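The values are calculated or read from the model by the stated rules, or taken from the named source; none is laboratory data. These numbers come from a predicted model, not from an experiment. Because the Cβ atoms are built from the backbone with ideal geometry, glycine has one as well, and the counts that use them run over all protein chains shown.
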Amino acid sequence: MVVQRFQAPIDGKLSAEMTAAYERDGVLVLEGMVPRRDCQALMRRAGELVEGFDTSESATVFSTTTRSHDRDEYFRTSGGRIRFFLEEGAIAADGALNREKSQCINKVGHALHDLDPVFDAFSRDRRLSAVAQSIGCARPLLLQSMYIFKQPNIGGEVTWHQDSTYLYTEPLSVFGLWIALEDATIENGCLWALPGRHLEPLRNRYRYVDGKLTTEVLNPEKWPEEGKVPLEVPQGTLVVLHGSLPHRSDTNFSGKSRHAYALHVIDGACRYTDDNWLRRPADMPLRGFDG
Ligand code: FE2
């Protein structure tokens, strides 16, 4: 199976063929969505943010010998912050980094789109808004943003999952807008997907149960490797991912990074349940594409 590819529409409005492909496959590939200079501007900005990241913070938060409580807290409160998460392969036992800071970050999240002016402006591009509207999202709310580095040689694997496991609404509504800021190839850890499997029910939920973050297994079956498709895409491609589509990515064993920006959007017409892991401070209500 091959996933159909399209040239991104100039105004972001999807054709009937594009929406049909999204509904059929649960994934839509739009090449040439983001100009090279815009990709480069985001990469530059991410570099500046990392430059400002205090690595002593990592020693207290990420040391394998400190209480995992600190690490938990850093993650749990990241829904309303800009937080830096490290590659496991880059942390020594005392929490010190074993390579240059810029090569150690796995991702930055999860409120870049609200707290950083460059990511805010990029995320609220009218074309992204038009894509959301085209796939039937009545009242889009920008819930989560992540800058993913997929560092050379150590960029960690992400196992099969559905995004609705982590960002749950009733009824389900989350979708991902995943933008390749650099070419994504099998070698540097591109996305893989199981097209069409978004029509299946959610298999896990990651949520608070009695104050503890828990993975609730709804269906213990493993996703099959048969039928998986690599999404090798050039820089500037937008990949729209249905919230129930199983997807994964491999460890980056190559010498090239694979930067990407991912924005997760829910429909404000649906109910974002309060047992979700991602919580926002009361003074930071979710906003749509119009600001
Ligand atoms: Fe995902």
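Below, the figures for the structure above:
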quantity: Residue that is nearest to Phe119 (Cα to Cα), among those in region 162-196 that are among the charged types (D, E, K, R) and surrounded by fewer than 21 Cβ atoms within 10 Å (Cβ to Cβ); calculated: Glu182
quantity: Condition check for Val158: within 17 Å of Trp277 (Cβ to Cβ) and at pLDDT below 95; calculated: yes
quantity: Selection from region 165-191 of residues that are in contact with a Lys or Arg (Cβ under 8 Å, 6 or more places away or on another chain), under 21 Å from Thr215 (Cβ atoms) and within 16 Å of the ligand (Cβ to nearest atom); calculated: Thr165, Tyr168, Thr169
quantity: All positions within region 251-271 that are buried (at least 20 other Cβ atoms within 10 Å of the Cβ) and not small (Gly, Ala, Ser); calculated: Asn252, Arg258, His259, Tyr261, Leu263, His264, Val265, Ile266, Asp267
quantity: Residue in region 197-207 that is touching a helix residue (DSSP H, G or I) at 6+ places or on another chain (Cβ under 9 Å), within 13 Å of the ligand (Cβ to nearest atom) and farther than 27 Å from Leu30 by Cβ present; calculated: yes
quantity: Test for Ala111: is it modelled with pLDDT of 85 or more and touching an Asp or Glu at 6+ places or on another chain (Cβ under 6 Å); calculated: no
quantity: Leu278 vs. criteria in contact (Cβ under 8 Å) with a residue 24 or more places away in the chain and over 26 Å from Gly80 (Cα atoms); calculated: no
quantity: Qualifying residue in region 119-128 (condition: more than 13 Å from the ligand (Cβ to nearest atom), in contact with a strand residue (DSSP E or B) (Cβ under 9 Å, 6 or more places away or on another chain), among the charged types (D, E, K, R) and under 18 Å from Leu30 (Cα atoms)); calculated: yes
quantity: Test: Gly155 is under 27 Å from Thr215 (Cβ atoms), buried (at least 19 other Cβ atoms within 10 Å of the Cβ) and touching a strand residue (DSSP E or B) at 6+ places or on another chain (Cβ under 7 Å); calculated: no
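Residue-by-condition table, conditions (1) farther than 22 Å from Pro9 by Cα; (2) within 16 Å of the ligand (Cβ to nearest atom):
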position: Gln235; (1), (2): no, no
position: Val239; (1), (2): no, yes
position: His247; (1), (2): yes, yes
position: Asp250; (1), (2): yes, yes
position: Thr273; (1), (2): yes, no
position: Asn276; (1), (2): yes, yes
